[in-house]
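As structure tokens, the structure follows; a few thoughts come after it.
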There are 2 protein chains.
Amino acid sequence: MNLESSPLITALQASGHRITRQRRVVLEVLEESREHLDAESLYWKARQRAPRISLATVYRTVAVLKQMGLIAEYSLGEEHGHFEAVPETPHYHFTCLGCGRVVEFDAPQVDRAVQELAERENLEIRAVQFSLTGYCARCRAGGPDGR
Amino acid sequence: MNLESSPLITALQASGHRITRQRRVVLEVLEESREHLDAESLYWKARQRAPRISLATVYRTVAVLKQMGLIAEYSLGEEHGHFEAVPETPHYHFTCLGCGRVVEFDAPQVDRAVQELAERENLEIRAVQFSLTGYCARCRAGGPDGR
DNA sequence: TTACCTGCAAAGGGTTTGCACTTTG
DNA sequence: CAAAGTGCAAACCCTTTGCAGGTAA
């Protein structure tokens, strides 16, 4: 069995959760992926390494990780939930309604605003959801899909 | 029949949609309410004035309004969709994981950041979703629910 | 009058759960 | 070995849709 420990696995373990093959695989997929995965994609990617894993286990695993703050769930556009390992530096998403592309961007001004608000109101911020939807330059110009 | 026209009704009408009793009622509830209503609450409030209205009609109505940009849908916290008439000045939401309270706040820095990004990347922004979740001052101090 | 709209109930799709079995620690 | 985790399938919940009957314009 794999002995190398990723940050996510270390954290999970430290918090008293058992490290099962299924959880390890889900975490690995999340860490290796630079995309935002929904439960279904996560499930299929995980199945490549743990063929008998079930969708229920994927959901149960992301629930634990989410609760621990190790991953974040986004509702990109109008769709269902997407997950992503929490990045060192926060970043946000723009979803194009025309071509469906998701672009990541950072916004230090937003980070600062959040921090200021938290301090001023004495809030403990656990999650920041900042996503934009609209049309990208290409689609505005009558791009790929003609809109 | 009621002759006074709210902004929402005027806009709906102008866009070629028929003004039915059900739509009128849904719009009225949305305009009068200073809360963020989910489809179910909207349905019950609407039923007080139009007893035979169905949940399906509520959904169909908010879909039209959303598409026209007259109302906005938020996924506050982790819950299902909430609707709100689009305010003159944009504002955002903080949901307390402890007591469930939703606080509105504005963030000019965020507005500015969005505008800058849109100009720089030549995007047409249709919707901005910016919501924070965490614990409010009271709940951090071992408040209402003891957390 | 005729599109458009509604109510009803059934379908849909993502997510959660009950239960018996397996596995970790 | 006990407690925690898993797989499976059924249950759930919010939302959407098909259709027959209304209703605004």
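The values are calculated or read from the model by the stated rules, or taken from the named source; none is laboratory data. Note that the structure is predicted; figures quoted are calculated from it, not measured. Heads up, the Cβs are rebuilt from the backbone with ideal geometry, glycines too, and the neighbour counts pull from every protein chain shown.
Some notes on this structure:
- Consider segment B:51-73 and keep the residues that are of a type in the set (S, T, N, Q) and within 14 Å of the chain's Cα centre (by Cα). The one that is modelled with the highest pLDDT is B:61.
- Screening residue B:76 against (1) more than 12 Å from chain A (Cβ to nearest Cβ); (2) touching a residue at least 24 places away in the same chain (Cβ under 8 Å); (3) closer than 25 Å to residue A:97 by Cα leaves a single unmet condition, (1).
- Scope segment A:113-138; condition more than 7 Å from chain B (Cβ to nearest Cβ) and charged (D, E, K, R); matching residues: A:116, A:119, A:120, A:138
- Output for segment A:25-49, where each listed residue is basic (Lys, Arg), touching a helix residue (DSSP H, G or I) at 6+ places or on another chain (Cβ under 6 Å) and without any contact (Cβ under 8 Å) to a residue 24 or more places away in the chain: A:45
- For residue B:81: the one exception among (1) of a type outside the set (Ser, Thr, Tyr); (2) more than 13 Å from DNA strand D (Cβ to nearest atom); (3) in contact with a strand residue (DSSP E or B) (Cβ under 9 Å, 6 or more places away or on another chain); (4) under 30 Å from residue B:6 (Cα atoms): (2)
- As a summary of the residue check, residue B:69 satisfies the conditions (1) at positive phi; (2) within 14 Å of DNA strand C (Cβ to nearest atom) except for the one numbered (2).
- Of all the residues in segment A:14-40, those that are at pLDDT below 95 and among the polar types (S, T, N, Q) number 2.
- Pick from segment B:55-73, criterion in contact (Cβ under 8 Å) with a residue 40 or more places away in the chain and either part of a strand (DSSP E or B) or closer than 28 Å to residue A:67 by Cα (or both), ranking: nearest to the other protein chains (Cβ to nearest Cβ): B:72
- Here residue A:52 clears all of (1) without any contact (Cβ under 8 Å) to a residue 40 or more places away in the chain; (2) more than 28 Å from residue A:135 (Cα to Cα); (3) in a helix (DSSP H, G or I) except the condition numbered (3).
- Residue satisfying all of: in segment B:6-65; within 11 Å of DNA strand D (Cβ to nearest atom) and basic (Lys, Arg); surrounded by the most Cβ atoms within 10 Å (Cβ to Cβ) among these: B:23
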